Amino acid sequence: MIELCEVALPVPLRTTFTYVAPGSLASAAANGMRVVVPFRNRALVGVVVARAQAETRRDSVREISEVLDREPALTAALIALGRWVASYYLAPVGEVFRAMLPPVVEVRAVQELSRTAAGAEYVRELEALEERTDEERAEVAVLGAFSNEGEAIRAARLRRLGGGEGLIARLLRRGALEARVGARRRTRAAVEFESNAPAEWSPDAPRHALNSEQRGALDAVRADIAAGEFRVNLLHGVTGSGKTEVYLGAIEAALAAGGTALVLVPEIALTMALSRLLEARLGREAGVTVLHSALPDAERSAAWWAVRRGAGRVVVGTRSAVFAPLEGLGLVVVDEEQEASYKQEETPKYNGRDAALVRAKLEGAAVVLGSATPSLESYQNARRGKFRLLELPTRVGERPLAQVELVDLREEFRRTHSTRALGERLRASIAERLASGTQALILINRRGYSWFQLCRSCGAAVECRNCSIALTYHKRRGRLVCHYCAYSRPAPTACPKCSQKYMYFVGEGAEQVEEQLRAEFPRARIGRLDRDSVRTQQEYRKILGAFAAGELDLLVGTQMLAKGHDFHRVTLVGVVSADLALGLPDFRAAERTFQLLTQVAGRAGRGELHGDVLIQTHYPEHYAIQAGARQDYLAFFEKEAQFRRAMHYPPFAALANVIVRDRSIENAAKWARQLAGILGPEEERGLKVLGPAAAPLARLRGEHRLQFLVKSPRRTLLTQTLTRALDRCAEKGIPEGAVLVDVDPVGLM
Ligand code: ADP
Ligand code: ZN
């Protein structure tokens, strides 16, 4: 009998791998420890997720080469959570655990080379020559550096011997050298870690006396925390209702009860303000710790271990922080729980909110999901009694919700015959704000200058070379850009298809709306907030800071504007077009539109000043726009729920989007047919399988894509079916990466 370790490795396979811990490491390699193991000529860092006794010959199993941790990186609860993510989302188990672990800063990969027998012979030949070229001299220097066959020398050292990368590559091709990748431990500098919550806050965190609605909600959550029980509270509070105060009170209660707290927010930018507020309120002892993927590796690792060792008791972070190694978890808060950014679009395609619920269940923690516009899924769960609904129906201080006016663009066009993005009504309202010295936010939910470039002669749009999507024009860069794969090219003067010179640009993006505003209001101070104008956290903070300080009159931008911000002098929010999302072939189009309108309307009138909202639209009668304008969540929910129920979409069915992809369209089509053969018979068990059909993005990054939608009345049926289907695909020799499964997709693009 020997003791085997199951190790999860960061490779795209749905299995773990078996290793044995050699004598000296036998007791060190416990569950949750990170280990270095050999894998296909490489050294990989994985994590031990199970140990078991087995009757096997020791020499048939490969050995762990190093144990990185003295205490397990992952707790038993986190290992269980990782296994849940892997099975629920059908994700490669090792990639799930890689997403859970801190960045590996303890070891670094080094490329090592050794000389082959052929290499030894070659260098003898070279040495026998009377005269040698420069290149041959360099080869002798490199190959002569090895004293015997087995010796391994780091590639970096060999490169310094002359000849550089090119020479080494040539010797590898010739078979004179052999490469392998090994891992070297770094001497770890002790990192003193207190808290990485930004320290430049001014302690102006007033403790508000809660109003009765806030108090009622907080009391309910406190009772759950005191009971130490898993329970999900859906905190449905209109914009400006003071949800943050409820979160703060609940976190205080969790800490007072000796527990820890996890707070998830949908965007990195929102971790700043919240962590500062928490630190001011809870003090340094709480060790408020920020975790997100944009932190430098060393800082992220230090922060992660501070939490692991118990110094950080409150974690504020984005999606991946759901795996923060807190122990004694008493409370989980998910702010803006409906946000699409909680869903990871790369493998593993988990939803941070749903993983948070499972985690809280595993650890007996209370949960608060907060939102002004809960997802259909969460609200339906509250309806069914699975979640407890807590409501904050009014704004704090009896401030009224903003007045929303719909501007019918069809009517404006009939009247003015102008096709400008900023209609007459909106321009007049902006002018009023400028005259009165208050501020306005202008939302245009498209990046770039023009949506695309079109040929008047043949009607073709200029498309991406790698994706079936029209390129977006960015004027300042002077290029057409793909928002999916980043391919770019100059805007052509003649049509690439028919060579006629009748190219024109269609549709206004944020860059163009900013330009129009500057032309219309030359004296106004105007800023822009989108992914093209702000690329770093500093730029982001700078522009928001300038707006908050009153140094800007108008701020134009994409949905980055709509989230979370609490500006007190904004008296107008203008929405350039409410319709952009509605045209997409996606069952969440109406929900997205409603959420965006409600959120953006929530940015107006948050201080003492009254706020107006103007929404330009071609479809003023659409229910998402109507309900968004009235900020009437229930009306929207009822209507949308009818549609989802009738169409068997979530929350009334479990949904998976399955994409079959390959560079060769023949392969993609063949595999899709095979998968259709596998999934088809499952319809007898109650599943609905739509497809294969061309995916909405039929080509992406050079790959052809076919799509299936799988709808199931029951979750377990969906998981079982897809698991079996993937196994069958593997048996048929369809490559692992060719079939992409997205369980609970947030978008079908
Ligand atoms: P929400 O997240 O629900 O939109 P916030 O939590 O941002 O709302 O609160 C809106 C504003 O109201 C903030 O400026 C906050 O400081 C303030 N606030 C919260 N609770 C109270 C209260 N009980 N009395 C007065 N002001 C409050
Ligand atoms: Zn592209």
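Here, each number is a calculation from the coordinates, and none is a lab measurement. Computed from a predicted structure; not experimentally measured. So basically every Cβ, Gly included, is an ideal-geometry build from the backbone, and we count neighbours across all protein chains shown.
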#### Entry: Cα-based radius of gyration of the range 116-191 once divided by 2.2 N^0.38 Å, which approximates compact folds
1.28
### Query
Quick one: Cα centre-to-centre distance for the range 571-605 and the range 688-738, in angstrom?
31 Å
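What full-extension length gain, to one decimal in nm, is calculated for Glu683 and Glu424 as 0.36 nm per residue of separation minus the Cα-Cα distance?
87.8 nm
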### Query
With the dipole of the range 1-130 worked out from charges on the C-beta (+1 for Lys and Arg, -1 for Asp and Glu) around the Cα centre, which of Gln111, Met100, Ser24 lies farthest toward the positive end?
Met100
### Summary
To the nearest 10 degrees, the tilt of helix 424-436 (Cα long axis) against the first principal axis of the alpha carbons of the chain is 90 degrees
### Query
What's the center-to-center distance, using Cα atoms, between the range 329-375 and the range 96-171 in Å?
49 Å
### Query
If you line up the long axis of helix 76-88 against the longest principal axis of the chain, both from Cα atoms, how many degrees apart are they, to the nearest 10?
80 degrees
#### Entry: FRET efficiency, 1/(1 + (r/R0)^6) with R0 35 Å, evaluated for Gln538 and Glu411 via beta carbons
0.20
### Task
Rounded to whole Å and sorted largest first, list the principal axis extents of the Cα atoms in the range 671-713.
36, 20, 11
### Message
Tell me the net charge near Leu726. Cut-off is 15 Å between Cβ atoms, Leu726 excluded, with +1 for each Lys or Arg and -1 for each Asp or Glu.
### Response
0
#### Entry: Extension gain, Ala28 back to Thr493 (0.36 nm per residue minus Cα-Cα distance, nm)
160.7 nm
### Query
How far, in nm, would the chain grow between Glu178 and Asn148 when pulled straight, counting 0.36 nm per residue and subtracting the alpha carbon separation?
9.4 nm
### Query
Just going by the charge dipole of the chain, with Lys and Arg at +1 and Asp and Glu at -1 on Cβ, which of His618, His417, Leu748 is farthest out on the positive end?
His417
### Query
On average over all directions, what projected area in square nanometres does the chain have, based on the convex hull of its Cα atoms?
39.4 nm²
### Message
Counting pairwise Cα distances across the range 664-749, what percent come out greater than 19 angstrom?
### Response
36 percent
### Task
Please state the charge dipole magnitude for the chain, taken about the Cα centre, from unit charges on C-beta atoms (+1 on K and R, -1 on D and E), reported in debye and rounded to the nearest 20.
1020 debye
## Note on the structure
For the chain, the longest principal axis of the Cα atoms and the Cα long axis of helix 352-363 enclose an angle in degrees, to the nearest 10, of 70 degrees
## Note on the structure
Of the listed links Lys497/Lys670; Lys349/Lys711; Lys243/Lys361; Lys361/Lys386; Lys349/Lys732, those spanning more than 20 angstrom between alpha carbons are Lys497/Lys670; Lys243/Lys361; Lys349/Lys732
### Message
I'd like the FRET efficiency for Lys475 and His610, computed as 1/(1 + (r/R0)^6) with the beta carbon distance as r and R0 of 35 Å, rounded to 0.05.
### Response
0.45
#### Entry: Residue-count net charge about Arg353 - beta-carbon cut-off 12 Å; Lys, Arg +1, Asp, Glu -1
-4
### Task
Find which of Val316, Asn351, Val333 sits farthest along the positive direction of the dipole of the range 305-461, computed with +1 on the beta-carbon of Lys and Arg, -1 on that of Asp and Glu, about the Cα centre.
Asn351
### Summary
With Arg535 itself left out, Lys, Arg at +1 and Asp, Glu at -1 over residues whose Cβ is under 14 Å from its Cβ give +4
### Message
For the range 479-558, take N as its residue count and report Rg(C-alpha) divided by 2.2 N^0.38 Å.
### Response
1.42
### Charge dipole magnitude, Cβ of K and R +1, D and E -1 - the range 365-415, Cα centre, debye nearest 20
240 debye
